[in-house]
Amino acid sequence: MKTLLKGGSVVSGSGVKRADVLMDGEKILRVGRGLADAADAVQDVSGCLLFPGFIDAHTHFDLDVAGTTTADDFYTGSRAALRGGTTTVIDFACPNKGETLHHGLELWHQKADGRTFCDYGFHMTIDDWNEGIRAELPDMFAQGVSSFKMYMTYPAMMIGDRDMYWALKELRRLGGICGVHCENAGVIDGMIAERKNSGKLGPGSHPVTRPPYLEAEAVSRLLRIAQAADCPVVIVHLTNHEALKEVEHARKRGQIVYVETCPQYLLLDESVYFSDDYSTAARYVCAPPLREKAEQEYLWKALRHGSIQTVSTDHCSFTLAQKGMGREDFTKIPGGLPGVETRGELMYSYGVAKRKLNAAQLCRVLCENPARLYGLYPRKGLLRRGSDADIVVYDPKASHVIRADDCVANVDYNPYEGFVTAGGIRQVWLRGRLAVEDGKVLDQVPQGKYMVRGKNSL
Ligand code: DUC
Ligand code: ZN
């Protein structure tokens, strides 16, 4: 079955050009003009932009956090992703300390296989370092896991400087890439204890105890460790200009450093934590926290200049009832925000329509760069002959208001409630099948495939 999307403009990381797209089964057969004769079915997408399916390289579905489990599992989270134009997610497999990487991978396959509406892959969390884990790494690559994650905070997952150094050295040898959560755990612990001792237990203490300079310190330390290991790294969910400065220093020294940020750091700010209403404040608790409003423009500028390469969501959703767990103690609020359903429209609306990010730059940060960085390119991340026919048909003339009630993620609030979009997603095609139309997920049964990923080519 050959389907033609006719009359649109195809967006790539290098520009926008008028072209039709002919799909044949799961793949793109041709991109060009005058292809109608070859098609069995034609869809008129005049006036629309055709993006490669968005890739969200940072989700947490079905993850146990702070004594509870994320509201979205692979079924609900990936359905929300697809509705938001994300045709591939890369989630973080997370073995507990003491467990093997293979156990973590098997567990994540159990959570995701047959239950995921979009295509998916896994990063592997390294929260221990020993000869057993070293020996497991080659088989991770063989099983399509070419990217890893380490934490410099959270006692359950953090790994010390020495082990991080050894792990990075080994990843360098094997050609892997590692994302790192950068915050200074020790000083944050000290600040939390002080806050608790003085009886300041509300959500307003959350940003105060995780200041931006302690993120910058961890970025700086990580980058020196990466220098010692001679290994490229990814700073995940970077939030502020001091942390960016540390990245610039390392790049000047000749290091390869990739940076990810998230819509919440581009569009929301810390003022929400100081609301008198607990529920209003708690719903925004995530780590690192939202920052001062002034930080947003630094991040947008870095996106325009290409010093930030990817925008992912860190989707880690909890219902308001779950967020209620920290009413007496802010450290018990499960950390994380939903975002997988709204990233594409928000980034177009507030980046392209309002902040001089152009469509090609948007394509780079949502599609092409994550595809290259995480070994999915050229199967994903671009629209050309032979690539998967994952396509977002974006109508720049549409507009709607973001409302939790309209969303399908399994969560009863939306951090972007009331935000107005510039344009909207009209259709989402997943490997040649129309999967979403006008906000409705058409697939009744999960169709997502596990992606065996190769190595970084960014
Ligand atoms: N930060 C969060 O807020 N939640 C999940 C993991 C993370 O790093
Ligand atoms: Zn995360």
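The values are calculated or read from the model by the stated rules, or taken from the named source; none is laboratory data. Only a predicted model underlies this, so the values are computations on that prediction, with no experimental measurement involved. Reconstructed Cβ throughout: ideal geometry from the backbone, glycine too, with neighbour counts over all protein chains shown. Keep in mind that these areas ignore ligands, DNA and RNA; they rest on the heavy atoms of the full protein, side chains included. Shrake-Rupley method; radii C 1.70, N 1.55, O 1.52, S 1.80 Å.
Annotations
- Restricting Gly335, Gly339 to those that are open to solvent by 20 Å² or more (accessible area, probe 1.4 Å), within 16 Å of ligand 1 (Cβ to nearest atom) and modelled with pLDDT of 95 or more reduces the list to Gly335.
- Complete set of residues in region 217-234 that are over 21 Å from Glu170 (Cβ atoms) and open to solvent by 10 Å² or more (accessible area, probe 1.4 Å): Glu217, Ser220
- A count restricted to region 54-73 and to residues that are more than 12 Å from ligand 1 (Cβ to nearest atom) and either modelled with pLDDT under 95 or basic (Lys, Arg) (or both) stands at 1.
For (1) in the same structural domain as Gly132 (by TED's automatic domain parsing); (2) among the aliphatic types (A, V, I, L, M); (3) surrounded by fewer than 16 Cβ atoms within 10 Å (Cβ to Cβ), each residue gets a yes or a no:
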position: Lys6; (1), (2), (3): no, no, no
position: Arg18; (1), (2), (3): no, no, yes
position: Met23; (1), (2), (3): no, yes, no
position: Lys27; (1), (2), (3): no, no, yes
position: Asp37; (1), (2), (3): no, no, yes
position: Asp40; (1), (2), (3): no, no, yes
position: His60; (1), (2), (3): yes, no, no
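- Within the set Thr100, Thr125, Thr88, the sole residue that is open to solvent by less than 10 Å² (accessible area, probe 1.4 Å), away from ligand 2 (no atom under 16 Å from the Cβ) and polar (S, T, N, Q) turns out to be Thr88.
- Verdict on Gly199 being in a loop (DSSP other than H, G, I, E, B), among the small types (Gly, Ala, Ser) and more than 26 Å from the chain's Cα centre (by Cα): yes
- Pairs with Cβ under 6 Å, 6+ apart, first in region 414-433 and under 16 Å from Leu50 (Cα atoms) and modelled with pLDDT of 95 or more, second open to solvent by 30 Å² or more (accessible area, probe 1.4 Å) and small (Gly, Ala, Ser): Ala422/Ala353; Gly423/Ala398; Gly424/Ala398; Gly432/Gly25
- Check on Glu297, more than 16 Å from ligand 1 (Cβ to nearest atom), open to solvent by 10 Å² or more (accessible area, probe 1.4 Å) and either within 21 Å of Ile188 (Cβ to Cβ) or assigned to a loop (DSSP other than H, G, I, E, B) (or both): no
- Evaluating Phe61 against the criteria (1) in contact with a strand residue (DSSP E or B) (Cβ under 6 Å, 6 or more places away or on another chain); (2) part of a strand (DSSP E or B); (3) within 16 Å of ligand 2 (Cβ to nearest atom) leaves one unmet condition, (2).
- Residue pairs whose Cβ atoms lie under 7 Å apart, sitting 6 or more positions apart in sequence or on different chains, and linking a residue in region 87-108 that is assigned by TED's automatic domain parsing to the domain that holds Tyr75 and at pLDDT 95 or above to a partner that is away from ligand 2 (no atom under 16 Å from the Cβ) and assigned to a strand (DSSP E or B), are Thr87/Phe54; Thr87/Asp119; Thr87/Val428; Thr87/Leu430; Thr88/Asp119.
- Extreme residue, nearest to ligand 1 (Cβ to nearest atom), among residues of region 220-238 that are touching a strand residue (DSSP E or B) at 6+ places or on another chain (Cβ under 6 Å) and among the β-branched types (Val, Ile, Thr): Val236
- Candidates Lys149, Lys169, Lys97, filtered to the one that is under 30 Å from Arg210 (Cβ atoms) and part of a helix (DSSP H, G or I): Lys169
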